[in-house]
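Taking it in order: structure first as structure tokens, then the write-up.
The values are calculated or read from the model by the stated rules, or taken from the named source; none is laboratory data. These figures come from a predicted structure and were not determined experimentally. With ideal geometry, Cβ positions are generated from the backbone for all residues, glycine too; neighbour counts draw on all protein chains shown.
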Amino acid sequence: MVERIKARTLRKRVLKRIAFVDVKPVEAPRRIVQLVVKDPKLIEEVDKLDMQDLIEAEVERVGEDLVVKSLKVLFKNLEPFPIAKKEHGPDFLLRMRHLAIRGIRYPKIFYVEHVVTWSAIKHLVDEGRKRVHPPLIIASATEGGAILFPVDRFGERKFFLSESAQLYLEAMIFALGKVFSLTTSSRMEKSRTRRHLAEFRHLEAEAADYGFEDILDAQERLVKAIVRGVLEDEDASEIVKEFRGKRMDELDRLLKEKFPRITYDEAIEILRKKGVDIKRGDDLGADEERILTEDFEVPVFVTLYPTEQKAFYVKRVPDRPEVCYSADLMLPRYGEITTGGEREDDYYKLLEEIKRRGLKPEDYRRYLDLRKYGSIRHSGYGLGIERFVHRLLDLEHIRDATPFPRFYGRSTFV
Ligand code: 4AD
Ligand code: MG
């Protein structure tokens, strides 16, 4: 049976009597199909093909082989494809991202990212959560002012790009109960670590009538649903296997075991025992988180952080106000993948905290209104999609988990 295939050439090997062309079908460019060419005229044609030319071929299956019967070049490169087989430096490849994503590796990463995102959304919708669409242009900080990207000349006031949709989701729970959003968060963090981007895809959820334990449980269900979704997708699980080598049992354990929960104080103790010079009240940075999670085989929640380390909106523990209902979920040998917790729902306490931190109550009038008019206990979290993919695929750098990365120290964007 003769089939027609439209595809992009990836590489070729031309011998005297036979040629092999690896192509990526237009419909599924992450798959590589090998075509075999035996006709001397067609071998000549193949010899002229450049990487990434678009071809249309009639092929016949002969045993294992797809033998080319006819070949037409639909779009020929106007110049030789700039990314050759030879090793290129990271800077060149970043400048060429728009073309590099046609390669072999990136399509696999972005396919897994698609399955991760879709599994998360499907899980949340199946649990009855409603997807909402918060704005990206904001007037006041959610997490802290220093990291906001200013939006120039938008009206008379200064505006910023959103770094979290949380404050808007908190308003939306009064409309829809349990909500989530997937937006792009921007942060001018000058940390050039392997897990920070200046722009990342942020999955955030907020739930009315939810306490601290409820939101930890919800995050555990979400992470398990994402991993299950990836493992159940044949292609995605193949790719994960390929990228992670043999380390798949970790994912099976993640699905079976309950995620341990330790307090911040216990985390400090563990770190001290491991010889880290740290004391209560200190921040857990990327290094500390990695060391802390080394001994855990499954993700672990670190709970009850010092109030001073977390944002103004987190509810304090009533009989221990120096700590608050905030938790980070950490992946083994990696660290933070989510932050979440219970929000302060009392008008007066929230107002006092805003003032105490030197923030302006008038900037948070709408946020305070949520407590002024029939408040409710509520909780939420945020998960970074690129971080998840970074760790799931054991990528060298989080930059590779997004097609067009923005990060500190690079101002020429593709
Ligand atoms: O811990 P973060 O800053 O928490 C919030 O923004 C809360 N307002 C979320 C909420 O409760 N709705 O960010 C949440 C997650 C982090 O755990 C991390 O996975 C990811 O977002 N993240 C980043 N990912 C890549 N690059 C960055 N610069 C990131 N900053 C945060
Ligand atoms: Mg955090």
Response to the item:
Of the residues in the range 210-244, those that are farther than 23 Å from G177 by Cβ and either of a type in the set (G, A, S) or in a helix (DSSP H, G or I) (or both) number 17
Discussion item. Anything in the range 13-49 that is within 29 Å of H114 (Cβ to Cβ) and among the charged types (D, E, K, R)? List them, or say none.
Written reply: D22, K24, E27, R30, R31
Worksheet entry | Whichever residue in the range 199-220 is under 17 Å from the mean Cα position of the chain (by Cα) and more than 16 Å from ligand 2 (Cβ to nearest atom) and, among such residues, is farthest from P318 (Cα to Cα) | E199
Discussion item. Residues that are over 30 Å from R371 (Cβ atoms), within 16 Å of ligand 1 (Cβ to nearest atom), at pLDDT 95 or above and touching a helix residue (DSSP H, G or I) at 6+ places or on another chain (Cβ under 6 Å): does the range 252-269 have at least one?
Written reply: yes
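Yes/no per residue for (1) modelled with pLDDT under 95; (2) buried (at least 21 other Cβ atoms within 10 Å of the Cβ); (3) more than 10 Å from ligand 1 (Cβ to nearest atom):
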| site | (1), (2), (3) |
| --- | --- |
| K315 | no, yes, yes |
| P321 | no, no, yes |
| P332 | no, no, yes |
| L351 | no, no, yes |
| R377 | no, no, yes |
| H390 | no, yes, no |
Discussion item. Out of the helices (runs of 4 or more DSSP H) lying entirely within the range 262-361, which hold 2 or more residues that are within 16 Å of ligand 2 (Cβ to nearest atom) and under 22 Å from I398 (Cβ atoms)?
Written reply: 286-293
Practice prompt. Scan the range 188-196 and give yes if some residue there is in contact (Cβ under 8 Å) with a residue 24 or more places away in the chain, hydrophobic (A, V, I, L, M, F, W, C) and either farther than 18 Å from D328 by Cβ or in a helix (DSSP H, G or I) (or both), otherwise no.
Written response: yes
Practice prompt. Could you tell me whether any residue of the range 282-292 is touching a residue at least 12 places away in the same chain (Cβ under 8 Å), over 24 Å from the mean Cα position of the chain (by Cα) and surrounded by 12 or more Cβ atoms within 10 Å (Cβ to Cβ)?
Written response: yes
Fill in: Selection from the range 198-209 of residues that are more than 18 Å from D345 (Cβ to Cβ) and not in a strand (DSSP E or B)
A198
Practice prompt. Considering each residue of the range 31-80, count those that are closer than 15 Å to F20 by Cα, under 40 Å from the mean Cα position of the chain (by Cα) and without any contact (Cβ under 8 Å) to a residue 24 or more places away in the chain, and give that number.
Written response: 1
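Being surrounded by fewer than 17 Cβ atoms within 10 Å (Cβ to Cβ) and more than 30 Å from P150 (Cα to Cα), is that true of even one residue in the range 190-201? Full working, then the answer.
Filtering the range 190-201 for residues surrounded by fewer than 17 Cβ atoms within 10 Å (Cβ to Cβ) gives 190-194.
Then keep just the ones that are more than 30 Å from P150 (Cα to Cα); that gives none.
Among the residues of the range 190-201, not one is surrounded by fewer than 17 Cβ atoms within 10 Å (Cβ to Cβ) and more than 30 Å from P150 (Cα to Cα), which makes the answer no.
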Discussion item. Restricting to the range 140-187, name every residue that is in contact (Cβ under 8 Å) with a residue 40 or more places away in the chain, within 12 Å of ligand 1 (Cβ to nearest atom), of a type outside the set (V, I, T) and in contact with a Lys or Arg (Cβ under 7 Å, 6 or more places away or on another chain).
Written reply: E170, F180, S181, L182
Worksheet item: Before we move on, is L359 hydrophobic (A, V, I, L, M, F, W, C) and modelled with pLDDT under 95?
Response: yes
Discussion item. For the range 2-19, which positions are of a type in the set (A, V, I, L, M, F, W, C) and closer than 15 Å to E58 by Cα?
Written reply: V2, I5, A7
Response to the item:
Across (1) buried (at least 17 other Cβ atoms within 10 Å of the Cβ); (2) at pLDDT 95 or above; (3) in a loop (DSSP other than H, G, I, E, B), P403 clears everything bar (1)
Discussion item. Residue under question is I101, and the condition is that it be touching a residue at least 60 places away in the same chain (Cβ under 8 Å), of a type in the set (A, V, I, L, M, F, W, C) and either within 20 Å of A401 (Cβ to Cβ) or surrounded by fewer than 18 Cβ atoms within 10 Å (Cβ to Cβ) (or both); does it hold?
Written reply: yes
Worksheet item: Going through the range 53-76 one residue at a time, which ones are modelled with pLDDT of 95 or more and either closer than 30 Å to R410 by Cβ or part of a loop (DSSP other than H, G, I, E, B) (or both)?
Response: D53, K76
Worksheet item: Does the range 151-164 include one or more residues that are assigned to a helix (DSSP H, G or I), farther than 16 Å from A208 by Cα and of a type in the set (A, V, I, L, M)?
Response: no
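If a residue has to be in a loop (DSSP other than H, G, I, E, B) and of a type outside the set (A, V, I, L, M, F, W, C) to count, how many in the range 24-52 make the cut? If you could, list the steps in order and put the result at the bottom.
Just the residues of the range 24-52 that are in a loop (DSSP other than H, G, I, E, B), to begin with: 26-32, 38-39, 49-52.
Among the residues that remain, those that are also of a type outside the set (A, V, I, L, M, F, W, C) are: 27, 29-31, 38-39, 50, 52.
Total satisfying the criteria: 8.
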